[in-house]
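Read the structure below first, then the notes.
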Ligand code: SF4
């Protein structure tokens with residue numbers, strides 16, 4: 001996984017609440033057995049109609065089509081647990097998502113894929129929407145180490161993030177490797193732990 | 001210290017707990033299906049890792065498989081590739097697989113409970129958000145992403161931060177003619193689609209105690225539709241009775257031992273929850289969703305709300321949803337005409353669901369313009385329904401009777417709702433394009449879906465004239 005420190009770029013304002021993972025990556029693209037190849041289908045039904053780009057969708061418009069930062073409304077990433085959603089987002093080139101809240105599973109999945117989901121209070125999100133409306137091509141600098149985002153007009157907002165999550169992104173942790181270091185503890189846990197179902201059916 | 005049910009399960013399963021870091025939580029049962037697992041197995045292969053406990057892992061084919069004649073080859077070569085990958089992975093890593101030939105094949109969340117794999121006090125995960133279903137047994141069960149699937153395969157554990165707890169007290173009892181589906185839709189309608197984000201919900205109170213196990217599964221299934229990490233219901237005599245004699249459940253001395261263990265799983269009377277909410281079940285009426293999230297619903301005797309009657313933050317989303325759904329505010333729900341009906345999915349495809357739908361359908365015919373499907377949740381459900389003659393009731397009425405799978409719930413196979421078609425569906429998600437591009441989904445109970453199939457529009461099942469009920473063995 002790519003490690004993550006500072007990031008700057010254009011903010012694409014996606015003015016929608018409850019953006020679900022079905023919308024982020026529609027089911028017809030879930031049949032791939034690889035982790036790659038999803039980026040081009042990101043928001044497929046919103047971006048395309050009859051195979052043509054729909055101009056009414058933000059990521060189809062210049063200069064937002066290459067924006068690495070996505071701004072959205074509450075409950076982003078709700079619905080299906082599909083990690084294909086963050087795979088598509090990361091492959092498309094989006095590395096930061098700003099929203100007032102995220103759905104649990106999606107939020108977790110982001111950190112495993114080098115995406116930083118930032119939770120900000122509604123009023124900060126509203127302010128950012130306003131700014132990106134007022135100055136098309138509005139850019140932000142995201143500094144994970146110092147937990148803040150700023151624009152070139154002197155606006156600065158700090159954000160919270162659990163230190164473990166921050167490390168996960170900064171260092172690109174191999175979680176499985178780390179857990180396997182506790183293999184002996186898992187072994188001894190298993191000795192005393194009871195499971196009552198039997199699988200030989 | 002008083003503890004909640006959630007905390008008891010959590011404590012029992014923590015292998016390592018550290019300050020400010022996620023705990024290492026032991027996983028008792030890992031359910032695997034063809035869509036969210038191939039990349040996880042590939043990850044193991046790349047790192048030369050093994051599956052730590054294949055004996056605590058079960059796989060089934062459900063999401064992308066056809067529900068038509070299984071003796072025919074797949075029409076969809078990509079779905080075939082996915083299913084073949086599952087076969088290969090299970091063989092290579094030694095995992096038990098319920099494939100299309102197995103009599104136990106079905107939707108993972110239907111088969112694990114019916115085989116007795118789902119038991120109180122367990123931790124259960126699956127790369128699928130509706131894993132919350134298993135909470136009906138007092139098991140901590142939740143959906144995970146593919147990286148976590150890989151983590152569980154390799155370590156039989158997960159790194160987890162503890163969730164907050166929410167006690168949802170449901171008072172009173174459900175009125176005649178309303179169902180568990182109506183209850184959970186009403187709750188989501190009242191509190192909102194993201195109300196429980198970050199919480200594990202424990203459903204409590206008289207209305208919950210009165211539900212059957214299958215009804216409890218319907219409720220817990222949709223916990224994720226209000227954002228909850230998981231849903232839980234305290235195991236009781238009904239739970240134990242349901243489990244007794246199931247294939248995977250022990251008998252004799254081991255049964256007694258299991259039972260003694262299971263009985264410890266309840267929230268202590270003085271346990272503290274982070275949040276408490278109340279709901280009155282006695283006011284529930286049959287629900288129909290009119291929007292594009294499950295919280296956008298109304299009672300059958302009501303109208304689609306007027307925009308000005310909605311809270312300010314819901315007006316925008318409602319407007320957008322109604323545009324997609326091609327509906328007008330103020331329209332009576334009973335005036336909405338449908339042309340597809342889907343009875344199935346891990347929310348409502350168990351035997352009780354099919355019995356209840358068959359009772360409505362018996363002696364009637366599906367409206368001319370309507371295409372209606374019944375997709376049992378598992379092969380065992382299908383066999384049971386056939387033994388009771390339910391299949392004939394559906395077929396005689398003009399329903400299609402299919403093989404088990406997820407089917408039109410998410411339309412990854414050929415069972416889709418066509419653009420601009422309107423579907424009465426017993427599934428759990430009415431998101432844009434979920435059942436097919438530009439598909440318009442209305443979530444309802446099996447009874448409401450059955451009645452809509454016959455009437456060609458939504459109709460109040462509480463007033464439905466049931467025919468020849470003696471001929472249908474409704475238990
Ligand atoms: S039936 Fe629907 S919700 Fe349930 S597991 Fe299958 S696709 Fe998911």
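Things worth noting here:
- When we screen A:124, A:160, A:167 for residues that are under 30 Å from residue B:159 (Cβ atoms), assigned to a loop (DSSP other than H, G, I, E, B) and within 20 Å of the chain's Cα centre (by Cα), the only hit is A:160.
- For residue A:111, the conditions (1) under 13 Å from the mean Cα position of the chain (by Cα); (2) crowded, with 23+ Cβ neighbours inside 10 Å; (3) closer than 21 Å to residue A:16 by Cα are fulfilled apart from (3).
- Filtering region B:416-430 to residues that are closer than 20 Å to residue B:221 by Cβ and either within 11 Å of the ligand (Cβ to nearest atom) or surrounded by fewer than 24 Cβ atoms within 10 Å (Cβ to Cβ) (or both) leaves B:425, B:426, B:427, B:428, B:429.
- Criterion violated by residue B:138 - all others in (1) within 16 Å of the ligand (Cβ to nearest atom); (2) closer than 28 Å to residue B:263 by Cα satisfied: (1)
- Screening region B:99-121 for residues that are away from the ligand (no atom under 12 Å from the Cβ) and in a helix (DSSP H, G or I) and picking the one that is nearest to residue B:352 (Cα to Cα) gives B:114.
- For region A:1-37, the set of residues classified as assigned to a helix (DSSP H, G or I) and under 27 Å from residue A:164 (Cα atoms) consists of A:21, A:24, listed by residue number.
One line per residue, one yes/no per condition, for (1) under 28 Å from residue A:191 (Cβ atoms); (2) out of contact with any helix residue (DSSP H, G or I) (no Cβ under 6 Å at 6 or more places or on another chain); (3) surrounded by 17 or more Cβ atoms within 10 Å (Cβ to Cβ):
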| site | (1), (2), (3) |
| --- | --- |
| B:2 | no, yes, no |
| B:10 | yes, yes, yes |
| B:19 | yes, yes, no |
| B:35 | no, yes, yes |
| B:39 | no, no, yes |
| B:53 | yes, yes, yes |
| B:69 | no, yes, no |
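- Test result for residue B:124, outside any loop (DSSP other than H, G, I, E, B) and closer than 13 Å to residue B:30 by Cβ: yes
- Within region B:303-360, being away from the ligand (no atom under 16 Å from the Cβ), within 14 Å of chain A (Cβ to nearest Cβ) and under 24 Å from the mean Cα position of the chain (by Cα) holds for one residue alone: B:321.
- Residue within region B:380-403 that is more than 14 Å from chain A (Cβ to nearest Cβ) and within 10 Å of the ligand (Cβ to nearest atom) present: no
- Within region B:404-414, considering residues that are assigned to a loop (DSSP other than H, G, I, E, B) and at pLDDT 95 or above, the one nearest to the other protein chains (Cβ to nearest Cβ): B:406
- Looking only at residues of region B:149-162 that are more than 7 Å from chain A (Cβ to nearest Cβ) and not in a loop (DSSP other than H, G, I, E, B), we find that the one that is surrounded by the fewest Cβ atoms within 10 Å (Cβ to Cβ) is B:160.
The values are calculated or read from the model by the stated rules, or taken from the named source; none is laboratory data. Computed from a prediction, not measured in an experiment: that's the story for all the values here. When we count neighbours, we look across all protein chains shown, and the Cβ atoms used for this are built from the backbone with ideal geometry, even at glycine.
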